[in-house]
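The structure appears right after this line, and notes come after that.
Nothing in this text is a laboratory measurement; each read-out follows from the coordinates by a stated rule. What you see is a predicted model; the values in this text were computed from it and never measured. Every residue, glycine among them, receives a Cβ derived from its backbone with ideal geometry; neighbour counts consider all protein chains shown.
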Amino acid sequence: MVTALVIIAELLIIYYFSYRFIYRIRETLLFLPLKIMIVLLLVGGVSNFLGLVELRLFWRLLFFGYVGTVIVAFQPEIRRIYFGHGYFRRGLVVNYESFGEGGRSKLIEEVILACQALSRKKIGALLVLERNNNLRDFIQTGIPVDAFLSSELVFALFLPDSPLHDGALVVRNDRIVAAGCILPLAETTRVEKLVGTRHRAGIGITEQTDALAIVVSGTTGKVSLAVHGKMAWDVEMGALKKMLKILYKRYGE
């Protein structure tokens, strides 16, 4: 009886800490490696259960090698999970239910106005619109703003004299979450060599997430839209507005 209670207590403790760990990383880049590790553990367990002794050493080497690789490759994410900025750990999560079609239409209007003003003055800009994938890991590289999006504020943040004009501005629903964010550069070899860092970052963030990236060229003033690692170049404002109305929504709505 005592042994059974001890086993139950141990299982409950393991369940609790596993649940808390998964809950904490569910919206980070570590979630996919964790799922792969779970699959490796299950395959190893099945191999042991079937008595495949020869494969035991192989699965152990594969699992611990993979864990070591994840720890090395995802050091920044691991540090942010346990020692990250408390401001972002608290969430800054806006209720999607309160952000309906009316709020989305108003946001798109403000984005279009901002792009028009930036394009007219040939001021470089990079706006990232969050959709289903949480962009917390990228938001944490920037400076918290947490303000309602307006064309005037977007224009001001990207002025050459602004300390935040070089990074990306991340938008969640109708709010600017952070500015000056650092994004991954495009990994595809098909990107034109003459494309600048801002465009590569816009493509890069859409390769890794389902976000939308709007890029205003500081050289030509032309506006481009990136989605799923593809860039629509030199988009007219009318076409950009139609594209955003179609693309900027949560899946399943």
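Along the Cα→Cβ direction, 7 angstrom out, place labels at residue 13 and residue 185. What is the inter-label distance in nm?
With each label placed 7 Å out from Cα toward Cβ, I get 4.9 nm.
Which order do the peptides 173-180, 16-23, 230-237, 140-147 take when ranked by the mean count of other beta-carbon atoms within 10 Å per residue, highest first?
Put in order of decreasing packing, that is 173-180, 140-147, 230-237, 16-23.
Based on Cα positions only, what radius of gyration and what Dmax would you give for the stretch 107-178, in angstroms?
11.5, 33
How would the stretch 100-247 be classified by its alpha-carbon gyration tensor: rounded, prolate or oblate, with rounded meaning a/c under 1.5 and the a/b versus b/c comparison settling the rest?
Rounded, since a/c falls under 1.5.
Quick check on my link table: of 122/230; 106/241; 121/222; 121/241, which ones sit more than 18 Å apart, alpha carbon to alpha carbon?
122/230; 121/241
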